[in-house]
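Here's the structure we're looking at; comments come further down.
Derivation of every value follows stated rules applied to the coordinates shown; laboratory data play no part. Since the model is a prediction, treat every value here as computed from it, not as a measurement. Cβ atoms come from the backbone with ideal geometry, glycine included; neighbour counts cover every protein chain shown.
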Amino acid sequence: MTPVPEGVPESAVLALRDVRIRDEVNDREIVHGVSFELTPGRVVGIVGESGSGKTLTCRAALGILPEHFVVSGGSIEITGHDIAGLTPARWVDLRGGTISAVFQDPASYLNPSIPVGRQIAEVSRVKKGLNRRAARHRALELLAAVRLRDPELVYGQFTFELSGGMLQRVLIAAAIAAGPKVLIADEATTALDVTVQAEILDLLADLRERTGLALVVVSHDLAVVAQVCDEVLVMRSGEVVEQGPTAQVLYQPRHEYTRLLIDEHEQYGLDRFLDAPAADAPEVDGSGDHLGAGEKELDRVR
Ligand SMILES: Nc1ncnc2c1ncn2[C@@H]1O[C@H](COP(=O)(O)OP(=O)(O)OP(=O)(O)O)[C@@H](O)[C@H]1O
Ligand SMILES: [Mg+2]
């Protein structure tokens with residue numbers, strides 16, 4: 001194998017360059033320039049107050065901006081390809097297969113009248129072309145991969161039978177079913193209690209290490225970001241007010257607003273996470289495609 005020469009950066013799986021998002025109905029710019037690059041196995045966090053544009057930024061990268069919202073400036077590249085002007089068919093390929101997402105309130109992305117395991121199997125069947133038997137087997141593997149203790153049992157259960165933490169694991173399993181390179185977790189742990197939240201974050205960190213999955217983690221909670229992110233963007237009113245390596249932003253905040261956020265979070269035990277050593281870039285096994293993503297879930301948020 002030819003070694004990668006030192007100093008040559010690994011190519012980005014997701015790159016945003018000065019992305020601007022406009023509300024065409026009200027004729028105003030909502031997001032005023034967001035830039036970051038995500039290479040395999042890396043984690044970028046986006047924090048900031050409610051309404052600062054975190055979700056819109058993610059939705060732009062997933063090609064699911066709400067109606068009347070457009071990317072009005074800058075560029076977004078997924079695995080080196082500019083997404084401007086992608087056809088709907090190409091988006092169907094990309095979503096789930098290359099870039100995927102989990103949001104808050106997992107129950108609303110799952111069908112209450114179909115066993116959850118079958119919904120995950122369906123993703124593998126449609127996206128990866130597996131037959132029914134192979135798709136079932138794959139769904140059981142995925143349920144185990146997201147650390148559900150009894151995959152066989154959970155496979156046949158319905159959403160009302162599962163806790164919030166279990167549902168979020170099921171949704172993550174569906175989101176990675178087609179082997180995406182990027183997973184966006186937008187407030188994915190917000191509704192969960194602190195212990196379960198920590199378990200889900202640990203699971204995401206584990207997936208990134210084992211598969212080279214790159215993550216965008218959106219949270220209003222700095223402690224979450226401190227725990228898993230390599231780099232952080234702090235947003236306020238559609239602007240990135242501060243951006244840099246997590247330890248730098250959280251230990252030596254330069255912007256007044258970041259300091260304010262940190263002060264607010266001290267009562268929630270941010271220190272506990274700041275004491276943890278920063279994670280190094282994980283080994284990437286290169287294949288990534290034994291894991292995989294939920295087109296259905298994404299369709300429902302459109
Ligand atoms: N579907 C929508 N229709 C109309 N306006 C919207 C819509 N989604 C977002 N906006 C506008 O865009 C702004 C940014 O919204 P966004 O959802 O990106 O914020 P956020 O940072 O994710 O907030 P939160 O922390 O509450 O999730 C909002 O303040 C709102 O004005
Ligand atoms: Mg949001």
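Here the contact order of segment 1-153, divided by its residue count and restricted to Cα pairs under 8 Å and six or more residues apart, works out to 19 percent.
Taking 0.36 nm per residue of separation and subtracting the Cα-Cα distance, full extension of the segment from Glu266 to Arg28 would add 82.2 nm. Of interest is the spacing of the C-alpha centroids, which for segment 186-236 and segment 34-63 amounts to 12 Å.
Per-peptide packing, taken as the mean over residues of other Cβ atoms within 10 Å, places 22-29, 117-124, 155-162 in the sequence 117-124, 155-162, 22-29 from highest down.
Given the options Pro245, Ala198, Ala214, identify the residue whose Cα lies farthest towards the positive end of the charge dipole of segment 122-251 (+1 on Cβ of Lys, Arg; -1 on Cβ of Asp, Glu). Farthest along the dipole direction, towards plus: Ala214. When DSSP beta bridges are restricted to pairs lying wholly in the chain, around 55% turn out antiparallel.
Taking each DSSP H run with n ≥ 4 as -39500 (n - 2.57) and averaging over every residue of the chain yields -11500 deg cm²/dmol at 222 nm.
Packing here is the average count of other Cβ atoms within 10 Å per residue, and on that basis the peptides 94-107, 50-63, 137-150, highest first, run 94-107, 50-63, 137-150. Spacing of the modelled spin labels on Asp18 and Ser108, each 7 Å from Cα toward Cβ, amounts to 3.5 nm.
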